[in-house]
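Note sheet for the following structure.
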């Protein structure tokens, strides 16, 4: 990204914050049934400056925001509550999850990736796992991070470390994924469960 584009993005974010703050100032002012002139006088501002702040065309200093907060009898942080930056989002319609190949994927064993989100330090991978056929040999998984399993359909004996847990619909299992784990007995087919894996993105390096 070149410097000009970086400045444009930064400017857009700043403007979005100013607009959000301005809307909050106006909303709190109207809630108290104050005119622009009335609030400006209480906060020690000119009518023109307050109008610019409410319209998002002026960037108020912290001192100005504190004066407005005092005049409106609200905490300073109230001006920022409605401000929302764009965040990572993944929307997958029913049946549209990506079918992936991973160790353990075989006939009758389906791993459907429902999204993939990477934050600054944490990566999260949600899977819908469906088992429709019996198998004599089960894969043993072992990886960094934590894993959460929520049973939706069927019954499975799920091993974690030296213990095996019998999971039925509504049951859940949350564990350290660094220990050996995986389905050990398919007790009632078909089996369907949600698996969410979270791990440090630095562990991949």
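The values are calculated or read from the model by the stated rules, or taken from the named source; none is laboratory data. Not measured: the values here are computed from a predicted model. Backbone-built Cβ (ideal geometry, glycine too); neighbour counts: all protein chains shown.
Examine region 113-133 for a residue that is outside the structural domain of residue 41 (by TED's automatic domain parsing), modelled with pLDDT of 85 or more and either surrounded by fewer than 16 Cβ atoms within 10 Å (Cβ to Cβ) or over 30 Å from residue 164 (Cα atoms) (or both), and state whether such a residue exists. Looking through region 113-133, at least one residue is outside the structural domain of residue 41 (by TED's automatic domain parsing), modelled with pLDDT of 85 or more and either surrounded by fewer than 16 Cβ atoms within 10 Å (Cβ to Cβ) or over 30 Å from residue 164 (Cα atoms) (or both). For region 85-96, the criterion of a residue being surrounded by 12 or more Cβ atoms within 10 Å (Cβ to Cβ) and at pLDDT below 65 is satisfied by no position. Condition first: assigned to a loop (DSSP other than H, G, I, E, B), modelled with pLDDT of 75 or more and surrounded by 14 or more Cβ atoms within 10 Å (Cβ to Cβ). Can you find one or more residues in region 99-108 that meet it? The answer is no; no qualifying residue exists.
Let's see how each residue does on (1) modelled with pLDDT of 95 or more; (2) closer than 16 Å to residue 110 by Cα; (3) within 27 Å of the chain's Cα centre (by Cα):
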site	(1), (2), (3)
145	no, no, yes
163	yes, no, no
171	yes, no, yes
176	yes, no, yes
190	no, yes, no
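Annotation: residue 185 fulfils all but one of (1) surrounded by fewer than 16 Cβ atoms within 10 Å (Cβ to Cβ); (2) touching a residue at least 60 places away in the same chain (Cβ under 8 Å); the unmet one is (2). Of all the listed residues (30, 16, 52, 41), the sole one being within 35 Å of the chain's Cα centre (by Cα), more than 19 Å from residue 81 (Cα to Cα) and part of a helix (DSSP H, G or I) is 52. Residues in region 165-180 that are within 14 Å of residue 154 (Cβ to Cβ) and either assigned to a loop (DSSP other than H, G, I, E, B) or not assigned by TED's automatic domain parsing to the domain that holds residue 123 (or both): 168, 169, 170, 171.
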